[in-house]
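Structure record follows, encoded as structure tokens.
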Amino acid sequence: MRNSRLLLRSGLTLAAAAALPTWLAGPSAALSGISVSTTGTTVSVVTSACTQSGGTWGNASLLNSGQTAFAQGRQAALAGTTVSQSAAWSSVSPGTYTVVVVCSNGGTAGTQSVIVSGTAAAPTTSSTTTTSSAAPSRGVMGGLGGAARDYGPLTLGIGAALVGSGVIATGWYLRKRSKPYRL
């Protein structure tokens, strides 16, 4: 009986810890299956929610503030693999836009707003420095996830508290198990 209660508590704690990152990420990351980013006047969207049907993944539409229907926006076909599909729009004027992704099966993968601030300043180089024109093909692959998203100090603090409490609970449990059985 005692062991079953301990296992139940451990299972509930594990379930809560597994659900915490989704809760902390907020409603846009938990409910939307898309990720939208801007670089200068280029807007791009990435999703993994669509499946290929009829040779296409689906379409994405970039709607300005006056447009409400998917067909009214600038449409771009999704391209990619079973892991990730993406679309991009270049030469986008500054303003607030909504990106909508509709998969080839007719389902909406997600909707997200984005603000385009304008052209990015071109980097300057001096005559004494040399730059390499070759860019990494897959970007920075840090291993700890820091390159993918910058989490705030509250999220990191909660994560550290969870890890710390797990270490303390494991030490307490092992200490209890090492004592001889008494009646």
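Readers should treat all values here as calculations from the given coordinates under stated rules, not as data from a laboratory. Everything numeric in this text was worked out from a predicted model, so none of it was measured. Don't worry about glycine lacking a Cβ; one is built from the backbone with ideal geometry, like all the others, and counts go over all protein chains shown.
Some notes on this structure:
- Projected label distance in nm at residue 53 and residue 172, using a 7 Å step from Cα toward the beta-carbon: 5.0
- Its Cα gyration tensor gives region 40-80 an equivalent ellipsoid, and the semi-axes of that ellipsoid, as √(5λ) in whole Å with the largest first, are 21, 13, 8.
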